[in-house]
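**Q** If you scroll down you'll find the structure; I have some questions about it.
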Amino acid sequence: MAATFSLLKLPILPQKPHYPQPKLPVLSNPTKKIISNESINPPKLFTETIDSLKSASLPLTTLALPFFLDTKDALAVNGEFGILEGRSFALVHPIVMGGLFLYTLWAGYLGWQWRRVRTIQNEINELKKQVKPTPVTPEGKPVEAAPSPVELKIQQLTEERKELLKGSYRDRHYNAGSILLGFGVLEAVSGGVNTWFRTGKLFPGPHLFAGAAITVLWAAAAALVPSMQKGSETARSLHIALNAVNVTLFIWQIPTGIEIVFKVFEFTNWP
């Protein structure tokens with residue numbers, strides 16, 4: 001509305017006042033007339049035109065402002081993206097993220113098993129300190145005796161560690177974490193892009209913010225790996241804590257994700 005009134009207020013180029021034209025004397029040759037130099041003055045007319053445009057700059061800006069502020073009509077959300085706006089492409093994100101949630105639990109299990117490999121050796125070392133020296137005869141020969149409970153525990157933990165080592169949990173956990181980081185960040189970003197394809201905007205809310213936090217936690221946990229490989233227990237504990245928060249956010253995000261899936265079926269069509 002403001003632009004409309006501004007348009008009505010646009011100044012009109014000044015016009016020279018109409019005065020009665022004086023009759024010019026007729027010369028001997030009637031086909032020729034003397035034209036006054038003041039009737040047409042191009043430099044003066046050009047100067048007046050520039051001044052008028054300067055005074056009209058503000059109303060013209062007001063008129064053009066809505067085209068810069070109201071950009072929703074410029075967004076292509078009416079089928080211009082084809083299948084990218086359809087239901088098939090929209091369902092890729094929830095399906096992949098559902099798989100990544102289960103894969104997160106699997107990666108956590110592998111990490112816990114690898115941690116068990118490391119901690120079980122510490123338990124064995126502590127138990128060995130409790131083992132009493134083997135008694136010997138006066139001749140110096142060791143006395144045969146039944147294993148003590150501590151020794152039996154050491155044997156049990158040693159066998160358990162051997163079995164855990166066969167699982168190659170360290171390498172499997174590293175590979176699972178790398179896959180989770182790569183596909184997780186990719187799908188987290190593509191989910192937001194797909195929402196923009198379908199609606200032309202994003203919807204700030206719990207699902208969006210939780211997804212962003214999960215993506216950041218993936219990156220932060222992965223950044224601790226070099227320190228963990230150097231034996232930093234602080235980095236390992238922080239890695240576990242970040243992933244625990246990550247899983248908690250993932251679980252909390254599931255209801256909002258299901259709600260969005262229902263909206264996808266409501267407002268989109270196949271394909």
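Laboratory data are not the source of any read-out in this text; all were calculated from the coordinates shown. Quantities reported herein were computed from a predicted structural model and do not represent experimental measurements. Positions of Cβ are generated from backbone atoms using ideal geometry, with glycine treated the same way; all protein chains shown enter the neighbour counts.
**Q** FRET efficiency for Q121 and L91, Cβ-Cβ distance as r, R0 = 45 Å, nearest 0.05?
**A** E(calc), rounded to 0.05, equals 0.45.
**Q** With a 10 Å radius around each residue's Cβ, average the other Cβ atoms per peptide and rank 151-158, 189-196, highest first.
**A** Output ranking for 151-158, 189-196: 189-196, 151-158.
**Q** Listed here are the pairs K129/K230; K128/K162; K129/K166; K129/K162; which of them are more than 24 Å apart at the Cα?
**A** Pairs exceeding the cut-off: K129/K230; K129/K166.
**Q** Among G167, A220, A244, which residue has its Cα positioned farthest towards the positive end of the charge dipole of the stretch 162-271, with +1 placed on the Cβ of Lys and Arg, -1 on the Cβ of Asp and Glu, and the dipole taken about the Cα centre?
**A** G167
**Q** Projected area of the stretch 124-259, taken from the Cα convex hull and averaged over every viewing direction, in nm²?
**A** 12.8 nm²
**Q** Moving on. Looking only at the stretch 170-189, which residues have a backbone nitrogen under 19 Å from a spot 7 Å from the Cα of L249 in the C-beta direction?
**A** Correct set: 177-189.
**Q** Run the numbers for K128 and L202: contour at 0.36 nm per residue of separation, minus the present Cα-Cα distance, in nm.
**A** Going from the current span to full extension adds 20.6 nm.
**Q** Rounded to the nearest 0.05, what FRET efficiency do V185 and F209 give with R0 = 25 Å and r taken as the Cβ-Cβ distance? Could you check?
**A** According to the calculation, E is roughly 0.95.
**Q** Mind checking the log10 I(q)/I(0) for the stretch 212-259 at q = 0.14, 0.19, 0.20, 0.33 Å⁻¹? Debye, one equal scatterer per Cα, no solvent, two decimals.
**A** Log10 of I(q)/I(0), two decimals: -0.38, -0.60, -0.64, -1.13.
**Q** Oh, and also: If you place +1 on the Cβ of every Lys and Arg, -1 on the Cβ of every Asp and Glu, and leave all else neutral, what size is the dipole of the stretch 101-142 about its Cα centre, to the nearest 20 Debye?
**A** Computed charge dipole of the stretch 101-142: roughly 40 debye.
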